[in-house]
Every structure is written in C-alpha cells, then in structure tokens.
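Report on one structure; see the data block that follows.
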Amino acid sequence: MIFEWHVARRFLREGRTQTTLILTGVAVGVGTIIFLSALITGLQESIIERTLGNQAHIVVRPAEDVPRAVGGNPEAAGGPRVIRPPQKIRAVQRWQQVAAALAAEPGVIAVAPTVNGPAFALRGDGTKAVAIRGLDPKGYSAIVDLEQRIVAGTLGITGFQAVIGVELAKNLGIVVGDKLRLLVGDGTTAIYTVNGLIDIGNKDLNERWVLIPLRAAQTLFGLEGGVSTIEVKVNEIFTAQAIAARMSQTTGLDAESWMTSNGQLLVGLRSQASSSIMIQTFVVLAVALGIASVLAVSVVQKSKEIGIMMAFGTSRAKILRIFLLQGGAVGLVGSLGGVLLGVGLGAFFAGLVRNPDGSSTFPVELRGALYLRAAAVATITGLLAAVIPARRAASLDPAVTIRG
Amino acid sequence: MAEALIIDGVTKSYGTEVVTLALRGIDLAVAAGEFIALTGPSGSGKSTLLNLIGLLDRPTTGRIHLDGTETGTLDAEGLARFRGRRIGFVFQFHHLLPEFTALENVMLPAFADEGRISEETRRTAVRLLEEVGLSDRADYKPSQLSGGQQQRVAIARALARSPALLLADEPTGNLDQESGDQVFRLLRRLNVERRITCVIVTHDDRLAERCDRNVHLVDGRVDFDKQVRGVG
C-alpha cells in the first residue's frame, strides 16, 4: 500500500491546479454540511428546550370515561345517541404504587405526582379563570426546573401559600405578599398568600398557572390522599413516545408523551430535519461528482503513465488502489478545510444577531462528533466517487496507451 | 547457447467482425545475449510482435517461451510480475513519470513490486544512473532533462530489475542523430557487458546494420532473418 499511497500523493501534488480546485469544492461542500447541521440542530434543540422547559415529558392520568349510548331504542330512527360524559377530576388509584412502578421503567429519571384542576382567582372585583397546579415544588423541580423561572419572591410554598404566573399577577394587580382567593366548582373557596411570581416562558400559561402545595390542592378538589396526574421525565426525549406506550400498557392508565401533545411541533421538526438531510444529500452528490470528474480527467491525462507502470509490472489492483486513494485523500483533506469553514461560518452567524439576553438568535451547535461524521462522509464519498475512474484506469490496455 | 526467447507459430488478429491479421505465423528463436533488430514497413506487425514478446498482449494462437517459461500459462497477475522482473522496456517516447525525479523513476519498478524502497533498490538505481552517465541529474524531473537524457533515464529504469530481456520500440526515433547514436551505443554496451538479450524495433536501416541480427517483417510474416555482424 505504501507504493500506491506514494504515487497517489505525488499525482495529487503535481496536479496542483486541479487538486486545489477540487479540495476547495470538497471544503465548501463539507463546510455547508457542517454549518447547516449545526444550525438545524441548534435551532431544534432550542425549540425543544423551550417547549419542554415547562412541561413533563410524559403525563400519566386515569383513562377518560368512555362515551356510551344513552336512551332510545336501537331500532328507532337515528339509532341510539352517543354522548361523551363530562370529564371530572379523577384520582389515580393507588398512585404511590403506580409512581414507583413508573419510576422503575428503564429510561425514566424522575416521577412527580400533581393535582390539577380549574378554578377562579378572585381579588376585589377581578375574576380570572386559572389552572391550579398542586405539586411539591422540591420533587417537581426534577421534572421542570421551576426555581430558575421565579422572577419575584420564592418558590417555597407550604400551607396556604401560592406561586402564580406573572401575567396573572399583572391582571389582578398582585405583588408578592398579597392575598388571593380561589374558588372551585363546588363552591369551596380558600385564601392564599402569593409567595412568588413565575415566568413559565409562555403567555397563556403565565396568565393561568397557580401553583399551590400538593396537599392543599388535594383538599381543594376533594381528592384527599389522591393525585390527578403523575408526571414523568425521561433521559432521552425522543424515546418518550415509546415509554409512554409501554406505561399505558402496564398501568392501564392514559400516558401521553410530549410528542403526542406537541404533534404539530414534531411534524415541523421532522420536516426541517428531512429538508436538511435532503440538502446535505445533494451537497454530497455534488462533491462526489466533482471528485469523480477530476479523477476521470486525471486518468485520461495519465493513461500513458498508467500503461508504463503496468509495463514495468504494476498490477491492475495497484493501479486501482492508486486512484481510490486519491479520491479518499481528496475527501479527507478537503473535509478538514470544510470543518474550518463550517466552524467559521457557524461562529460568524452565531455572533451576527443576539437576543436581548445576550444569547444567540442562531443557536449553532458545533460538536466534535459532527466534524468526525462530516470527515467520514467526505472520505467515503471520495473513495466511492473514485471507483469508476479507478476501474477505468485499471482496465487500460498498456499496449494501446503506450503507443497512442 | 541457451534460447532466451522462443516464438512458436504465433498469430495475432484484431476485431471480431472485420478480422485484421497483424501477425500471420511467426517462428523465431533468440539466443541469450543476442542483439536483434526488428525491422519492416509500417503495419508489418513489428510493434505487435514486440508487445507480445513483452507480455503486454497475448497471441491469438501459438506460444511464447521466455527464459524457459511458457507465458500462456500465466494469469494476469503472473504476467505483470513476470514482466516486472524479467523484462525491461524502452519506448520511442521516454514515458517517464513526470511527477517523479530521475532517481525515483528508476526505483519505481522495484518499489511497485516490493512495496517499499530498500537500500539495495536505491543503490542499484544510483549505480544505473551512473552507468548511463546521469548521476548528476538524479534529482531532476523529466521535464528538466533533454530528450537524450530522458531516454537514458528510461533505459536505466528498464534495467532496474536486472531483466533477462530488454525490449526497445524505436528507442532513438525521437532523438537527433547524436543523442540517438549515444543511446544506441549505451544499449549495445549494456548488451555486451550485462549479457542482456535485446530486441529493438527500428526504422533505421543503418541502426539495424549495427545489430547482431536483423529480422525483417512484411505483412505479418518474417521476410528475411539474417546475421549482420555476429555477436560481440
């Protein structure tokens, strides 16, 4: 292989203009791939992080009451009427065992019980429909990091203390330390002291969320000792769907993953990813064609030398390898330039526009694994692109090329 | 004297629909150390015959024995190896690899065969360049050498593996009188000193007169085959 490598290197070095052009082509291609991947990955991670920043990966709750046929005679015109019963807050049966079972599922890193239900928040003449989230702030922080979203006061809530969304506080004119009356469906009311304000990163939630201690919510909704949902965090977010399906099956409860509840987002991410893959595929194809055409020209230019090498005993297999190596080397060396180019482009774009908080508008994710992958793709592309020219070189007839 | 080369009823035809007969039956025995001129008009088949002897091509019918080996029994790899080790080529155009220096060009055959450049390969190459009078041009690229010098490097390369047989196709055809003469005398000297069997294709009758033997082809057949000066 040393001989083949030696000749391949010399061919490339002496064909300076061609080699430089094709190396530049490969570098631009690889740079594009790296930049594009980094940008798409960065954007997607940022979107996912923002989406999952305020929700659990999987929410497990009792199955809904099933629709049933009511009244009437099945023979009558129009047949039986099917209605969905109104859904009321239901408790997860024996939730401690269920939570323990869910926590034991592979891939699950945290489990927290919550009691959720609707209520009205009253203050003076102001009334707002709110969503009560009864939870243990400490335990729940393993699912969603609430602490870092507190913008005033503290997250610590016990007894009749609450943390409410910033928009809700604004609407009701509440500051930390103020009182808030909560009214639930059956007429029960309770008065809470607002201990902190939270910015969940979503206006709708900021207008509706009222966090109170788990126990208080249980009392408010008449679920003493019970919980309405169990929320789950998994270590690999894209496995949530599969884990949720398994949970449904083993517990008989309704387990919904973030991938189902954010179906549109997921479709968006997937089409973004597939268009990125398509662009990368075409770039790889263009790089391959570039390498193949340069080598094809080189084979024609060097056909006499190839014939001579055969005449002095160089086997066809060696000639084949000389040209394959050239393709691989062009791919590898070009990809090194491409990595630099991609990193440069990424850094440039990341620094171009910044959000008010100083973070980049283009969250570009540059990673070593990406460089390695791009270099490997370019090298293999180079090798494959060289197959046809190399085979042509190896099949030359020395008697003909030397004469001609 | 042992035969270095035996050509036994060799024919060569090209094409399948329109068949062209390039060689119509050649029988020839060449003694080890002989210096033969292969002459004939254009299209007489002399280059075809040289390619067959050089194992660059296979005969349509007939057999070629080189150095006691029936070459028809060798596969493609075997032919390449045999060619590399037992046959040296010199062409009308030097066909040196332009990417490599004179010394590297001379070392390439051994490098290709052995996969590395041994100390012995290097020593042999240096000595050969000395022998062809170009030791001071070892690090020059072919483009920096004159036509005669290029051809002398090509001869050094042809001798790099100590072949038993040296084949030259119009080795002086592209050179001026003086360089051509120099190249011819070099070949002759190597033939005498190293006892290498030489077969030279040439148009030049005066050159043919200076060989041991002149085989003249016309229309794919041996027209005449005569001793010219006798060995030595």
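The values are calculated or read from the model by the stated rules, or taken from the named source; none is laboratory data. Keep in mind the model is a prediction, meaning the values are calculated, not measured. A quick note on method: Cβ atoms are made from the backbone with ideal geometry, for glycine too, and the neighbour counts reach across all protein chains shown. Side chains are part of the model used for accessible areas, which takes the heavy atoms of the whole protein and leaves out ligands, DNA and RNA. Shrake-Rupley method; radii C 1.70, N 1.55, O 1.52, S 1.80 Å.
Identify, by number, the condition in (1) of a type in the set (S, T, N, Q); (2) more than 14 Å from chain B (Cβ to nearest Cβ); (3) open to solvent by 10 Å² or more (accessible area, probe 1.4 Å) that A:S395 doesn't meet.
With respect to (1) of a type in the set (S, T, N, Q); (2) more than 14 Å from chain B (Cβ to nearest Cβ); (3) open to solvent by 10 Å² or more (accessible area, probe 1.4 Å), A:S395 is out only on (2).
Restricting to the range B:35-89, name every residue that is within 16 Å of A:A399 (Cα to Cα) and not in a helix (DSSP H, G or I).
B:G43, B:G45, B:G54, B:L55, B:L56, B:D57, B:R58, B:P59, B:T60, B:I87, B:G88, B:F89
Restricting the search to the range A:326-347, which residues are at pLDDT 90 or above and open to solvent by 40 Å² or more (accessible area, probe 1.4 Å)?
Within the range A:326-347, A:L332, A:V333, A:L336, A:L340, A:L341 meet the criteria.
Could you identify the single residue in A:A375, A:A369 that is at pLDDT below 90, out of contact with any Pro (no Cβ under 6 Å at 6 or more places or on another chain) and either surrounded by fewer than 19 Cβ atoms within 10 Å (Cβ to Cβ) or within 14 Å of chain B (Cβ to nearest Cβ) (or both)?
A:A369
Looking only at the range B:105-126, filter to residues that are under 20 Å from the mean Cα position of the chain (by Cα) and either more than 8 Å from every other protein chain (Cβ to nearest Cβ) or surrounded by fewer than 19 Cβ atoms within 10 Å (Cβ to Cβ) (or both); which one of those is farthest from B:D176 (Cα to Cα)?
Here the answer is B:A110.
Mind checking which residues of the range A:1-21 are facing chain B (nearest Cβ under 8 Å) and among the aromatic types (F, W, Y)?
A:F3, A:F11 - these are the residues of the range A:1-21 that are facing chain B (nearest Cβ under 8 Å) and among the aromatic types (F, W, Y).
So, in the range B:191-232, how many residues would count as being not in a loop (DSSP other than H, G, I, E, B) and not charged (D, E, K, R)?
Residues flagged as not in a loop (DSSP other than H, G, I, E, B) and not charged (D, E, K, R) within the range B:191-232 amount to 17.
Return yes when B:L187 is open to solvent by less than 10 Å² (accessible area, probe 1.4 Å), at pLDDT 90 or above and away from chain A (no Cβ under 14 Å) and no when it is not.
No; evaluated as a whole, the condition is false for this residue.
Among the helices (runs of 4 or more DSSP H) lying completely within the range A:231-343, list those that include at least 3 residues that are under 25 Å from A:E365 (Cα atoms).
A:263-301
Return the total of residues in the range B:190-228 being open to solvent by 80 Å² or more (accessible area, probe 1.4 Å), closer than 16 Å to B:G45 by Cβ and out of contact with any strand residue (DSSP E or B) (no Cβ under 6 Å at 6 or more places or on another chain).
Looking only at that region, the number is 2.
Inside the range B:127-143, can you point out the residues that are open to solvent by less than 70 Å² (accessible area, probe 1.4 Å), free of Cβ contacts under 8 Å to residues at least 40 places away in the same chain and closer than 26 Å to A:E4 by Cα?
Once the filter is applied, which keeps residues that are open to solvent by less than 70 Å² (accessible area, probe 1.4 Å), free of Cβ contacts under 8 Å to residues at least 40 places away in the same chain and closer than 26 Å to A:E4 by Cα, the range B:127-143 yields B:L128, B:L129, B:R137, B:A138.
Condition check: touching a strand residue (DSSP E or B) at 6+ places or on another chain (Cβ under 9 Å), open to solvent by 20 Å² or more (accessible area, probe 1.4 Å) and within 30 Å of A:V234 (Cα to Cα). Does A:A142 satisfy that? Reasoning before the result, please.
Details: touching a strand residue (DSSP E or B) at 6+ places or on another chain (Cβ under 9 Å): yes; open to solvent by 20 Å² or more (accessible area, probe 1.4 Å): yes; within 30 Å of A:V234 (Cα to Cα): yes.
Here the answer is yes, as A:A142 does meet what is asked.
From the residues in the range B:6-64 that are open to solvent by 30 Å² or more (accessible area, probe 1.4 Å) and of a type in the set (K, R), which one is nearest to the other protein chains (Cβ to nearest Cβ)?
Restricting to residues being open to solvent by 30 Å² or more (accessible area, probe 1.4 Å) and of a type in the set (K, R), the top hit is B:R58.
Just a yes or no: is a residue in the range A:37-57 at pLDDT 90 or above and surrounded by 11 or more Cβ atoms within 10 Å (Cβ to Cβ)?
yes
Can you tell me which residue in the range B:169-182 is most open to solvent (accessible area, probe 1.4 Å), limited to those that are within 13 Å of the chain's Cα centre (by Cα) and away from every other protein chain (no Cβ under 12 Å)? Outline the logic, then answer.
The initial filter retains those residues of the range B:169-182 that are within 13 Å of the chain's Cα centre (by Cα), namely B:169-172.
Now restrict to residues that are away from every other protein chain (no Cβ under 12 Å): B:171-172.
On the way: B:P171: 2, B:T172: 21 Å².
The residue in question is B:T172.
Name the single residue that is modelled with the lowest pLDDT among those in the range A:383-403 being more than 41 Å from the chain's Cα centre (by Cα) and not in a helix (DSSP H, G or I).
A:D397
Before we move on, is B:G88 without any contact (Cβ under 8 Å) to a residue 12 or more places away in the chain and within 14 Å of chain A (Cβ to nearest Cβ)?
Spelling it out, it is not the case that B:G88 is without any contact (Cβ under 8 Å) to a residue 12 or more places away in the chain and within 14 Å of chain A (Cβ to nearest Cβ).
Identify all residues within the range B:126-154 that are aliphatic (A, V, I, L, M), outside any loop (DSSP other than H, G, I, E, B) and closer than 20 Å to A:E14 by Cβ; write none if there are none. Outline the logic, then answer.
First, the residues of the range B:126-154 that are aliphatic (A, V, I, L, M): B:126, B:128-129, B:132, B:134, B:138, B:145, B:153-154.
Okay, now just the ones that are also outside any loop (DSSP other than H, G, I, E, B), so B:126, B:128-129, B:153-154.
Answer for the range B:126-154, where residues must be aliphatic (A, V, I, L, M), outside any loop (DSSP other than H, G, I, E, B) and closer than 20 Å to A:E14 by Cβ: B:V153, B:A154.
Let's see how each residue does on (1) surrounded by fewer than 18 Cβ atoms within 10 Å (Cβ to Cβ); (2) more than 14 Å from every other protein chain (Cβ to nearest Cβ); (3) more than 22 Å from A:S46 (Cβ to Cβ):
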{"residue": "A:S257", "(1), (2), (3)": "no, yes, no"}
{"residue": "A:Q264", "(1), (2), (3)": "yes, yes, no"}
{"residue": "A:V284", "(1), (2), (3)": "no, yes, yes"}
{"residue": "A:S298", "(1), (2), (3)": "no, no, yes"}
{"residue": "A:L320", "(1), (2), (3)": "no, no, yes"}
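Can you report the number of residues in the range A:1-34 which are open to solvent by 30 Å² or more (accessible area, probe 1.4 Å), more than 19 Å from A:A288 (Cβ to Cβ) and in contact (Cβ under 8 Å) with a residue 40 or more places away in the chain?
Number satisfying all stated conditions: 3.
Since B:S146 meets every condition but one in (1) out of contact with any Gly (no Cβ under 9 Å at 6 or more places or on another chain); (2) crowded, with 16+ Cβ neighbours inside 10 Å, which condition does it not meet?
B:S146 satisfies all of (1) out of contact with any Gly (no Cβ under 9 Å at 6 or more places or on another chain); (2) crowded, with 16+ Cβ neighbours inside 10 Å except (2).
Take A:T229 and decide whether it is touching a Pro at 6+ places or on another chain (Cβ under 8 Å), surrounded by fewer than 18 Cβ atoms within 10 Å (Cβ to Cβ) and within 24 Å of A:A99 (Cα to Cα).
no
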